[in-house]
1. Please identify the pairs in which a residue from the stretch 309-330 that is modelled with pLDDT of 95 or more has its Cβ atom under 6 Å from the Cβ atom of a residue that is part of a helix (DSSP H, G or I) and of a type in the set (Val, Ile, Thr), counting only partners at least 6 apart or on another chain.
2. Anything in the stretch 318-337 that is of a type outside the set (D, E, K, R) and surrounded by 19 or more Cβ atoms within 10 Å (Cβ to Cβ)? List them, or say none.
3. Among the residues of the stretch 359-376, is there at least one that is buried (at least 18 other Cβ atoms within 10 Å of the Cβ), within 30 Å of residue 195 (Cα to Cα), in contact (Cβ under 8 Å) with a residue 60 or more places away in the chain and not polar (S, T, N, Q)?
4. List every residue pair whose Cβ atoms sit under 8 Å apart, with the two residues 6 or more apart in sequence or on different chains, where the first one lies in the stretch 158-177 and is within 20 Å of residue 242 (Cβ to Cβ) and the second, anywhere, is assigned to a helix (DSSP H, G or I) and of a type in the set (Val, Ile, Thr).
5. Do we find a residue being assigned to a helix (DSSP H, G or I), touching a residue at least 12 places away in the same chain (Cβ under 8 Å) and under 15 Å from residue 350 (Cβ atoms) anywhere in the stretch 242-260?
6. Of the residues that make up the stretch 348-367, is at least one closer than 30 Å to residue 247 by Cβ, charged (D, E, K, R) and in a helix (DSSP H, G or I)?
7. Of the residues that make up the stretch 38-56, is at least one aromatic (Phe, Trp, Tyr), in a helix (DSSP H, G or I) and surrounded by 14 or more Cβ atoms within 10 Å (Cβ to Cβ)?
8. Which condition number does residue 345 fail, the rest of (1) part of a helix (DSSP H, G or I); (2) at positive phi; (3) of a type outside the set (Ser, Thr, Tyr) being met?
Amino acid sequence: MELGGELAAITAGLDLLYRSRNRNAGILDAEGLIPVAVAEVTPRHFGSYEEAEAAILSLRDRLGEAESALRRDWLDEMSDSLLALIATFHGDRITFAERLERQIRTDTRDIPDEIIAGYHNGIRQALDELGFRGGDLLEDFTRWEKQARIPEDRVLDVLADFQRQARARCGRLASVLKADWLGAEWIKPVAQRDVPYSAYCDFPGRQVLLNVGFPYTAFSLKHLAVHEAFPGHLVHLKLRERRVAEGHMPLDAAQVVTSSASSAIFEGIADNGLQFLDWVETTEDHLGHLLQRLRSALRCRAAWRALGEGRPLDEILPDIARDSLQTPTVTRSRLAFLGHDLRAPFVYAYWCGEMAVDAVWSTIAEEERGSFWEYLYGNMHTPATLARHWKNCGS
């Protein structure tokens, strides 16, 4: 695990260097390159980005020393994503497309129209089944959402109740998700306003920070309970914390690194939590699931058109809002990340990460689920390593 420890030290040093040179003007700047570390990592100290780059290149020369093919491929992709981040921090010329390829490890640009249409058609069918018909899609959806919206003074209680239900469902699953600690583990919903996210997992503080200024339905809170807590970020980070401490995972597994090769699967695990728990049950659940995927895909589209094609946000906002079935005001607030250089590519981690995990999960037989979760949660992955190495160890 020596290379993993070296990578962790380099990444921690890069985080320190980034924090010392960024604007530190808001919450996204303050969390740095590594918002969460679940183990103590002694950073390498760099006086310049060139020194950090040289350290990464030295590590890449020794990838043949990795303990397995999975680890070799993971270290290769993760170290290259750090080189791309350095190019961004240093102000080198690097396109948004290259950042998506090297940092998030996806070749997705704009989301194909047929995918958006497929989500719209599924939502249309669900609305029909629920009795919301007679108008166009946006009109009927708005009527449904208005009656389905949870009052602001109840959202924290509803979220907490879904967290309790999700934790109980985890306890009935394979051993990787029902360890002895799970029943006692908790993360408290806390209200926030005027922040550039809907919800945020504060793992060290054991809080889910919920932007109560956004509208929520029962399904959206159910999704957040799973994504942020059980079996999403809380469970995933706690497992990594325990396994690093026990020596079962390398030290690089202790770090959450923003807009890096680790991001897509980190978010993809969380966004597949409802499927893992077999918890998409009702017509409203199916509607909400399609809506979540639709809006996630359209945030990628917005990022591509603004940063990949260089179009002004005011130009693209009306179409993104309409297709997202949201008001322009809410849509604009959900796209606040586009102005943050480090975070801008990260939006692709959600839709691309969900699709990458789903592509493998959809092939898993019921009797393989325990082995798959062990493989998924117990290793660091990119979309490519997840698919490539499961084929080798899962059959």
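1. Here the result reads 320/331; 321/331; 324/331, each pair linking the stretch 309-330 to a residue that is part of a helix (DSSP H, G or I) and of a type in the set (Val, Ile, Thr).
2. 320, 321, 324, 325, 326, 331, 335
3. So far as the stretch 359-376 goes, no, none of its residues is buried (at least 18 other Cβ atoms within 10 Å of the Cβ), within 30 Å of residue 195 (Cα to Cα), in contact (Cβ under 8 Å) with a residue 60 or more places away in the chain and not polar (S, T, N, Q).
4. Within 8 Å, the pairs are 166/226; 170/235; 177/235.
5. no
6. Within the stretch 348-367, one or more residues are closer than 30 Å to residue 247 by Cβ, charged (D, E, K, R) and in a helix (DSSP H, G or I).
7. Yes, because at least one residue in the stretch 38-56 is aromatic (Phe, Trp, Tyr), in a helix (DSSP H, G or I) and surrounded by 14 or more Cβ atoms within 10 Å (Cβ to Cβ).
8. It fails just one condition, (2).
The values are calculated or read from the model by the stated rules, or taken from the named source; none is laboratory data. This one's a predicted model, so the numbers in the text were calculated from it and none came from an experiment. Backbone-built Cβ (ideal geometry, glycine too); neighbour counts: all protein chains shown.
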